[in-house]
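A short worksheet on the structure shown next.
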Amino acid sequence: RRPLSLRVSDLQPLPATRLTRDFQCVTGWEVTNVHWVGVRLVDLAQHAGVEPEAAAFQLTSFDGMYTESLTMEQAHETGAIAAYSMLGAPVTREHGGPVWLYVPKMFGYKSIKWLSRIELVTHAKPGYWEQNGYPVNAWITGHPPNPAA
């Protein structure tokens, strides 16, 4: 309802989510206890005014080639954030900044470095890595949502 154009300085005054989580690549490497600070995707959507037909987030990196998507349910379940701080400092360009989408509970390919665009769409489309053979559902073992809960 209210398209937004935000800079990092616009994100910082919004309610922040602070996380300490491992970042795990599907190929097996991981970085433990990464400290993240950012704004939850679902909070940004509320700030913009979610249309009733919105069912997913379509996310794009600065070059427009790297894309990813999360359903609304996945965004809620994972607590995905638009992170502007990592390891106690601003996310640098070299490390995917100034904003890096971090998706806890999913493998790293669902997290987008150099995040530049977030759209609310009617259905999730496979992202860059999924179009290149990676699974659409990137849950790390032990983290998928429990349908009975």
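The values are calculated or read from the model by the stated rules, or taken from the named source; none is laboratory data. Since we're looking at a predicted model, the values are computed, not measured. Cβ atoms come from the backbone with ideal geometry, glycine included; neighbour counts cover every protein chain shown. For the accessible areas, the whole protein counts, side chains as well, though only heavy atoms, and no ligand, DNA or RNA atoms are used. Shrake-Rupley method; radii C 1.70, N 1.55, O 1.52, S 1.80 Å.
Quick notes on this one:
- Residue selected from the stretch 1-19 under the condition surrounded by fewer than 10 Cβ atoms within 10 Å (Cβ to Cβ) and under 18 Å from the mean Cα position of the chain (by Cα), by the criterion modelled with the highest pLDDT: PRO15
- Candidates TRP100, TRP114, filtered to the one that is hydrophobic (A, V, I, L, M, F, W, C) and open to solvent by 40 Å² or more (accessible area, probe 1.4 Å): TRP114
- On the stretch given as the stretch 47-66, residues that are modelled with pLDDT under 95 and not in a loop (DSSP other than H, G, I, E, B) total 2.
- Applying the set (1) touching a residue at least 40 places away in the same chain (Cβ under 8 Å); (2) open to solvent by 70 Å² or more (accessible area, probe 1.4 Å); (3) of a type in the set (Lys, Arg); (4) closer than 30 Å to SER9 by Cβ to ARG93 leaves exactly one unmet item: (1).
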